[in-house]
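The values are calculated or read from the model by the stated rules, or taken from the named source; none is laboratory data. Source: prediction; values computed, not measured. Positions of Cβ are generated from backbone atoms using ideal geometry, with glycine treated the same way; all protein chains shown enter the neighbour counts.
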Amino acid sequence: MKPYVDSLRFSTAGSVDDGKSTLIGRLLYDSKSILEDTIAAVGRATTKRGQDGLDLSLLTDGLTAEREQGITIDVAHRYFATPRRRFVIADTPGHEQFTRNMVTGASTSDVAIVLVDASKGILPQTRRHAAVSALLDIPHVLLAVNKMDLVGYSESTFKAIKSDFKGIAAELRIRTLTVIPISALKGDNVVSKAVDGVDNLSWYNGPTLLEFLETVSVDRVRKTNLRFPVQLVSRVKFGPTQEHRGYLGHVESGRIKVGERVVVLPSRETARVLEIITVDGSRKTAGVGDAITVTLDRQIDLSRGDVIVEATGMPQITDRIRANVCWLGNAPLEVSRRYLIKHLTRAVRATIERVETHYDIETLKATRGAETLRTNDIGELVIRTSQPLIVDPYWANHATGSFIIIDEATNATVAAGTVLSEPELDGGYV
């Protein structure tokens with residue numbers, strides 16, 4: 001789906017009972033994004049539980065198992081809009097058992113909201129969620145210090161939690177951090193600063209949580225170079241007799257322009273862009289997310305999996321990568337076993353040469369010498385592929401710097417990875 005200029009994707013994560021579902025319910029309810037019949041149904045369910053008012057968490061906890069256990073298990077996507085921006089929410093599970101679900105939900109987010117219960121402070125799961133956000137290079141991390149009502153809206157409690165988390169963020173090299181005090185249950189500082197005319201957080205001078213989401217800068221192009229992986233090759237007619245090859249795909253990063261000189265990888269042949277065609281007709285330029293057909297001014301033997309790039313800012317072409325990986329499979333990683341790597345529009349066979357390090361997320365330390373990774377483990381691998389891949393480090397380009405690993409026998413996705421850099425042949429690293 002093509003991203004809107006005025007849209008923002010954000011994920012939520014927190015330990016069990018930190019209030020993620022209530023927060024999302026509050027955002028949906030206070031922004032008037034819930035239908036009246038849905039509100040009525042939630043009201044009946046709340047009464048059935050013997051509670052007063054509306055249990056806003058029921059607006060998001062859709063699975064029966066979630067409602068019975070009081071936790072979020074699955075990744076649920078919610079949508080709402082304000083006059084300033086459209087939003088896509090990935091409500092991700094907080095429990096360690098479902099770390100893989102969090103990775104899936106947060107991987108495309110512009111903002112990661114990490115919740116912490118003000119009455120409990122920073123927990124091991126808080127550190128895990130921060131670490132996953134850092135590994136995914138999410139542009140903005142927002143620490144929402146929730147349940148401020150349980151600590152009497154104490155400024156000193158908020159400042160202590162903020163200080164503790166800033167230390168974690170610095171160690172993880174989180175790019176941008178914002179910390180906001182809220183009460184999702186009461187509504188303080190979520191959509192409005194005051195509840196029923198009372199500003200319980202008068203000492204706080206920053207934006208409400210929604211104001212932050214409405215105004216935070218989102219640069220989806222990320223000033224990255226053109227990366228246009230070819231999905232399909234077709235024939236495009238020009239007039240009654242002339243015909244060119246057309247290369248179909250999505251622009252993953254950067255922009256492509258008519259008349260621009262481009263390079264085709266891995267062959268490294270060059271050409272100029274002759275035409276850019278969409279379902280709405282020809283265009284002079286196309287950007288991230290656009291589904292287009294490109295024709296070139298000379299015939300080049302391209303096929304699915306080839307990538308059209310700019311003449312400057314070239315990616316790596318390599319059959320050996322170093323990557324951070326979150327292991328998603330139920331069976332542990334097996335070194336030297338053959339897997340499939342799905343990268344852009346290509347799937348190639350690969351083997352894991354070695355587990356370089358294993359991250360202890362609770363202590364934020366990397367230990368060497370691990371022989372495998374198990375479900376929800378995060379580690380650094382060296383991977384050998386049967387054919388060269390066209391990659392960038394993930395920090396430089398999310399599109400070409402990410403991949404999934406598939407079990408050949410079951411066709412199940414067993415890992416999600418982000419490229420770090422290319423290992424040198426002598427075992428060192430670039």
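The table for this structure:
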| quantity | calculated |
| --- | --- |
| Set Glu310, Glu269: member being out of contact with any Cys (no Cβ under 8 Å at 6 or more places or on another chain) and farther than 18 Å from His398 by Cα | Glu269 |
| Any hit, the stretch 207-217, residues being at pLDDT below 95, in contact with a strand residue (DSSP E or B) (Cβ under 8 Å, 6 or more places away or on another chain) and loosely packed, with under 15 Cβ neighbours inside 10 Å | no |
| Subset tally (residues that are modelled with pLDDT of 90 or more and either more than 26 Å from the chain's Cα centre (by Cα) or of a type outside the set (A, V, I, L, M) (or both)) for the stretch 120-175 | 24 |
| Only listed residue being loosely packed, with under 15 Cβ neighbours inside 10 Å, on the phi < 0 side of the Ramachandran plot and free of Cβ contacts under 8 Å to residues at least 24 places away in the same chain, chosen from Arg338, Arg374, Arg368, Arg349 | Arg368 |
| Contacts under 6 angstrom Cβ, first residue in the stretch 9-30 being over 14 Å from Ala144 (Cα atoms), partner small (Gly, Ala, Ser), 6 or more apart | Arg9/Ser109; Val16/Gly94; Gly25/Ser57 |
| When residues of the stretch 139-160 are limited to those that are under 30 Å from Ala416 (Cβ atoms) and in contact (Cβ under 8 Å) with a residue 40 or more places away in the chain, the one surrounded by the fewest Cβ atoms within 10 Å (Cβ to Cβ) | Pro139 |
